[in-house]
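Take a look at the structure below.
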Amino acid sequence: MSKFERHVFVCLTQRPETGKPSCTPRGGAALFEALQAGLGARPELWDRVAITSCGCLGPCFEGPNLVVYPEGVWYAGVSPEDADEIVEQHLVGGQPVDRLRYEWPED
Ligand code: FES
């Protein structure tokens, strides 16, 4: 069992410009920094929430992307300006930000 209540994985994949789209050139690094800043401003979360950079999460054409566990809530097309809303509403309040959620297509 994890010591964290929530664990956020933020895609920081960077592919060549001529390749498939990737999250870092689309703003993923700035998003990661903004999420870290948001968490940094909430010391009560420091030992309850982890934010970890990671490789490709899958929906590359929709990025920048992140996923929050244990709920398995996916977010796509997230900008740095959205970070505070995710921190306050989801990581503090426990309510996902519906307007940013990504739903995987049905097979
Ligand atoms: S490159 Fe970020 S989800 Fe694939």
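The values are calculated or read from the model by the stated rules, or taken from the named source; none is laboratory data. On a predicted model such as this, the values are computed, not experimentally measured, just so you know. Virtual Cβ from ideal backbone geometry, glycine too; neighbours counted across all protein chains shown.
Some notes on this structure:
- Search result, residues across region 44-57 that are under 13 Å from the mean Cα position of the chain (by Cα) and not aliphatic (A, V, I, L, M): T52, S53, C54, G55, C56
- If the condition is being assigned to a strand (DSSP E or B) and within 15 Å of the ligand (Cβ to nearest atom), then region 50-64 contributes T52, S53, C54.
- Some residue of region 33-49 being within 14 Å of the ligand (Cβ to nearest atom), modelled with pLDDT of 95 or more and not polar (S, T, N, Q): no
- Of the candidates V67, V78, the single residue that is assigned to a strand (DSSP E or B), within 12 Å of the ligand (Cβ to nearest atom) and among the β-branched types (V, I, T) is V67.
- In region 1-23, the qualifying residues are those that are under 18 Å from S79 (Cα atoms) and within 12 Å of the chain's Cα centre (by Cα), and the one that is farthest from the ligand (Cβ to nearest atom) is V8.
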